[in-house]
Amino acid sequence: MSRINVNPTRMELKKLKSRLSTAKRGHKLLKDKTDEMVRRFSVIIRENKNLRSEVENDVSAALAQFSVARSFMSIQDIELAFSMPNVSMELECGKANIMNLAVPELSLKENRSETKVPYAYSAVTSEADYSVELAGKVLNKLVRLAEVEKRASMLADEIEKGKRRVNALEYVMIPNLEETIKYISMKLEENDRSSRTRLMKVKSMIAAREE
Amino acid sequence: MKGKMAIIGSDDSVFAFKAVGVDAYSAFSPESAESLLKKIAKEYQIIFITDVLAKGMDEIIKRYLNSAYPVIISVPSKNGSNGYGMESIKATMEKALGVDILFNKDNE
């Protein structure tokens with residue numbers, strides 16, 4: 001390991017010792033935090049996978065149903081029928097907090113009006129009715145999936161960052177500090193010994209002169 | 001906060017979601033979807049993209065990863081999933097944990 005380039009003085013030694021203790025405490029805290037994030041992540045990612053496989057089936061079914069419906073009508077008619085949605089879904093967006101990480105929190109409020117579809121029944125085929133109903137059903141799950149998947153990817157990002165920090169502290173910062181502290185204390189002891197022998201020598205020289 | 005949803009699809013089938021209050025856009029190539037996404041990213045909180053398009057614009061989608069909004073999610077198209085969504089879950093998991101804890105059974 002490489003030691004930090006500092007003057008071997010008592011002052012520096014004191015500073016380095018306090019830095020080492022901070023680094024050690026920080027390392028412990030960060031490691032605990034990453035462990036907890038990993039635990040939560042594994043719960044979320046499992047949910048994510050299950051939701052996604054459900055949603056993928058439902059969405060492609062809904063879209064396929066719609067393209068069947070579309071084949072019975074011209075695109076203008078479709079545009080006309082669907083451009084004024086009165087089955088409005090209100091999306092509530094908030095922010096939740098997972099381990100100090102602001103993640104999205106989404107919920108869907110359904111404002112079903114009396115009529116179930118946003119057009120006159122005479123205007124479109126029953127296939128279209130059916131596809132709209134399917135889309136409405138799948139939307140709830142889609143929003144839930146959006147929330148979970150975003151949380152998972154954000155947590156993954158944060159875990160990666162945390163791991164990098166923990167490793168930097170564990171394998172670079174702390175060993176470097178320890179080595180530097182050792183170097184300084186050895187240097188100080190060395191200085192101490194050399195001044196002591198110098199004093200002893202001087203003392204014996206003075207004693208020899210006085211005789 | 002009130003949010004808005006949009007869906008970007010490669011064909012007209014996404015108009016089905018228009019009836020339930022999701023704004024539908026169509027883009028016929030990943031490139032045009034990219035410029036569309038940049039235009040609407042600030043306006044919407046959730047943006048669904050069909051996975052045929054999403055596969056071609058992976059980089060752009062990753063760019064929106066760090067902030068909470070907008071949430072960009074791939075959905076399958078009417079022909080079924082092309083596996084992009086599951087792949088991205090797998091990538092996320094491997095990034096965070098370094099190991100595969102979900103899919104290993106499926107491969108057997």
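The values are calculated or read from the model by the stated rules, or taken from the named source; none is laboratory data. Small disclaimer: the values here were computed from a predicted structure and weren't measured. Virtual Cβ from ideal backbone geometry, glycine too; neighbours counted across all protein chains shown.
Could you tell me whether any residue of the stretch B:78-92 is on the phi > 0 side of the Ramachandran plot and touching a helix residue (DSSP H, G or I) at 6+ places or on another chain (Cβ under 6 Å)? Yes - at least one qualifying residue is present in the stretch B:78-92.
Confirm whether B:TYR69 is at pLDDT below 80, more than 12 Å from the chain's Cα centre (by Cα) and closer than 30 Å to A:ASN97 by Cα. For B:TYR69, the condition - at pLDDT below 80, more than 12 Å from the chain's Cα centre (by Cα) and closer than 30 Å to A:ASN97 by Cα - is met.
Would you check if there is a residue in the stretch A:165-186 being facing another protein chain (nearest Cβ under 9 Å), touching a residue at least 24 places away in the same chain (Cβ under 8 Å) and touching a helix residue (DSSP H, G or I) at 6+ places or on another chain (Cβ under 7 Å)? Checking the stretch A:165-186: not a single residue is facing another protein chain (nearest Cβ under 9 Å), touching a residue at least 24 places away in the same chain (Cβ under 8 Å) and touching a helix residue (DSSP H, G or I) at 6+ places or on another chain (Cβ under 7 Å).
For the stretch A:147-172, the tally of residues that are crowded, with 21+ Cβ neighbours inside 10 Å and either hydroxyl-bearing (Ser, Thr, Tyr) or at pLDDT below 75 (or both) stands at 1. The sole residue among A:PRO85, A:PRO118 that is more than 19 Å from B:ILE46 (Cβ to Cβ), facing chain B (nearest Cβ under 9 Å), surrounded by 13 or more Cβ atoms within 10 Å (Cβ to Cβ) and at pLDDT below 65 is A:PRO118. One residue alone among A:SER74, A:SER18, A:SER2 is surrounded by fewer than 15 Cβ atoms within 10 Å (Cβ to Cβ), modelled with pLDDT under 80 and more than 30 Å from A:SER126 (Cβ to Cβ), and that residue is A:SER2. Does B:LEU53 satisfy the criteria of being over 11 Å from the mean Cα position of the chain (by Cα), under 25 Å from A:SER53 (Cβ atoms) and of a type in the set (A, V, I, L, M, F, W, C)? Considered against the rule, which asks whether it is over 11 Å from the mean Cα position of the chain (by Cα), under 25 Å from A:SER53 (Cβ atoms) and of a type in the set (A, V, I, L, M, F, W, C), B:LEU53 comes out as no.
Screening the stretch B:80-89 for residues that are assigned to a helix (DSSP H, G or I) and more than 9 Å from every other protein chain (Cβ to nearest Cβ) and picking the one that is nearest to the chain's Cα centre (by Cα) gives B:TYR84. Quick check, is A:ARG144 more than 10 Å from chain B (Cβ to nearest Cβ), at pLDDT 90 or above, under 34 Å from the mean Cα position of the chain (by Cα) and within 19 Å of A:ARG40 (Cβ to Cβ)? Criteria not met by A:ARG144.
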